[in-house]
Amino acid sequence: MNILILGSGGREHSLAWAIKQNPKCDRLIVAPGNAGIAMLAECADLDIMDAAEVVGFCEEHAIDFVVIGPEAPLAAGVADATRAAGLLTFGPSAAAARLEASKAFTKEICDACAAPTAGYARFTDAQAARVHVQTHGAPLVIKADGLAAGKGVIMGMTEAEALAGIDEILGGAFGSAGAEVVIEEFMEGEEASLFILCDGADCLPIGTAQDHKRVGDGDTGPNTGGMGAYSPAPVLTDAILERAMAEIVRPTVAEMAKRGTPFEGVLYAGLMIRDGQARLVEYNVRFGDPECQVLMMRLGAQVLDLLLACARRELAGAQVNWADDHALTVVMAAQGYAGSYDKGSAINGLDLLREDSFHMTFHAGTGMRDGQIIATGGRVLNITARGASLAQARARAYDLVAQVDWPQGFCRHDIGWRAL
Ligand code: AMP
Ligand code: GLY
């Protein structure tokens, strides 16, 4: 079968790597892709936000299956367009993608299905929002309603920070994504992520992970998209997972179906765990990045069968074959990230890195210049390894990191500390 993956990061590289190993995959195209992806798939220069262009490309190249990686094309309705054109598609409709694209919508769904989550209030009026903060007191979490590239969440640990967050969001710092502000109760606990395939009716959990959001060792410095991740997340025990499925995930999926907007794709549930119970922090409607990289490392070629079962609405008969293994990924980023950083520095030594079912270097932000791999983004490489224990996976990953010759790059040295 001919498969098209939309996206250009480490998430899409790992999806391509796993899918390519499945004998059902004849031809694999990734749009737009990156320098690492180009080593295992064809890359196509395509505007993935342009639904008509994506549909036209699929028709021209006889694509049988479309896998949509990032949230932006999902929220823009690209999956609606490919399904309408009769293409087998992995990824939710724009209506279902509101579970990520609108935090207020997600709260509404949680209310409707009684899913445990932080208490909240929503405002478009700054004065009313300020009064709410003054009445409730810090700590509070201040969120822009819409998609803000991971930057729309402000921790109001003091009242002053909370008030400043309101001014920032309603003052237009996030454009239309900040037309409404959601103010949440601050939840304590340990965070972990649960990934569930949903075909509109049935759900299949396909793994857990934890990431490291802060840029520096010891969880210090500004927030990032994630500096590393590992799977499984030991804090998400089977009992907590089953309860989260029963109290949060299945009720959400049922509520979405009831509203006529069934969720089809991967639901990423960010959970806060405390005293044996999980509460929902947020939903994303796509795989996490870099969480996807560790999931793909563990699932391997069966991923294609699972994504196909999901897209064909046949999840009821699907199951995951688990190896009793662990995976860990270390993000190498350009110096300066999460602030401003230079692009274009040369990365050497990658061709010498071991690549097999236990070791893989996924590219997140790379390009090719005169035959040389260069950094083109903030998060650049995801050095990923698998092992019989988390400690073994971590040792293997850092062993690879040490072989990368990239003076302008850096990484955290303590990925996995919480679990080890
Ligand atoms: P979100 O984009 O909603 O996941 O928020 C980003 C991060 O902010 C989460 O991963 C949490 O670490 C933190 N966060 C969000 N909401 C809350 C909350 N209500 N209580 C505590 N931490 C939160
Ligand atoms: N690593 C967090 C995310 O993908 O949203």
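Nothing in this text is a laboratory measurement; each read-out follows from the coordinates by a stated rule. In this text the structure is predicted, and so the values were computed from the model without any measurement. Here Cβ is always computed from backbone atoms with ideal geometry, including for glycine, and neighbour counts include all displayed protein chains.
Annotations for the structure displayed:
- Converting phi to 3J(HN,Hα) with the Karplus coefficients 6.51, -1.76 and 1.60 and the offset θ = phi - 60°, region 331-344 yields 8, 9, 10, 6, 3, x, 4, 8, x, 7, 8, 8, 10, x Hz in sequence order, with x at every glycine or proline.
- Residue pairs exceeding 20 angstrom between C-alpha atoms, taken from 20/343; 107/258; 107/143: 20/343.
- Estimated at 0.36 nm per residue, the fully extended path between residue 108 and residue 402 surpasses their Cα-Cα distance by 101.1 nm.
- Computed label-point distance, nm, for sites residue 324 and residue 138 using a 7 Å Cα→Cβ extension: 4.8 nm
- Inter-centroid distance (Cα atoms) of region 175-247 relative to region 111-168, Å: 19 Å
- Dipole magnitude for the chain: computed about the Cα centre from +1 point charges on Lys and Arg Cβ and -1 point charges on Asp and Glu Cβ, it is near 320 debye.
- For the chain, built as a Gaussian network whose Cα springs stay under 10 Å, the top-fluctuating residue of 197, 352, 280: 352
- Karplus 3J(HN,Hα) series, Hz, for region 152-166 with 6.51 cos²θ - 1.76 cosθ + 1.60 (x for Gly, Pro): x, 10, 10, 7, x, 6, 10, 4, 4, 5, 5, 5, 5, x, 4
- Within-10-Å neighbourhood charge of residue 64 [Cβ basis; K, R +1; D, E -1]: +1
- Extension gain, residue 213 back to residue 131 (0.36 nm per residue minus Cα-Cα distance, nm): 26.5 nm
- Whole-number percent relative contact order across region 56-95, with pairs defined as alpha carbons under 8 Å at least 6 apart: 43 percent
- One decimal place: the segment residue 353-residue 258 gains 29.2 nm when fully extended, by the rule 0.36 nm per residue minus the C-alpha distance.
- Put simply, the amide H of residue 191, placed in the peptide plane, has neighbours under 5 Å in 273, leaving out anything fewer than 5 places away on its chain.
- Span from the region 283-312 Cα centroid across to the region 343-420 one, whole angstrom: 20 Å
- Where a label projected 7 Å from the Cα of residue 149 along Cα→Cβ would reach, residues of region 335-373 with amide N under 13 Å: 338-341
- Convex hull (Cα only) mean projected area of the chain, reported in nm² to one decimal: 19.2 nm²
- Computed FRET value (nearest 0.05) for residue 160 with residue 1, which takes r as the C-beta separation and R₀ as 60 Å: 0.60
- Note on region 94-206: Kirkwood radius taken over Cα pairs, Stokes-Einstein applied at 4 °C and 1.567 mPa s, translational D equal to 87 µm² s⁻¹.
- In order along region 120-136, the phi-based Karplus estimate (6.51 cos²θ - 1.76 cosθ + 1.60, θ = phi - 60°) of 3J(HN,Hα) comes to 7, 9, 10, 9, 10, 9, 5, 5, 5, 5, 5, 4, 4, 5, 5, 6, 8 Hz; Gly and Pro are listed as x.
- Selection from 352, 381, 406 lying farthest towards where the dipole of region 325-420 points positive, charges on Cβ: 381
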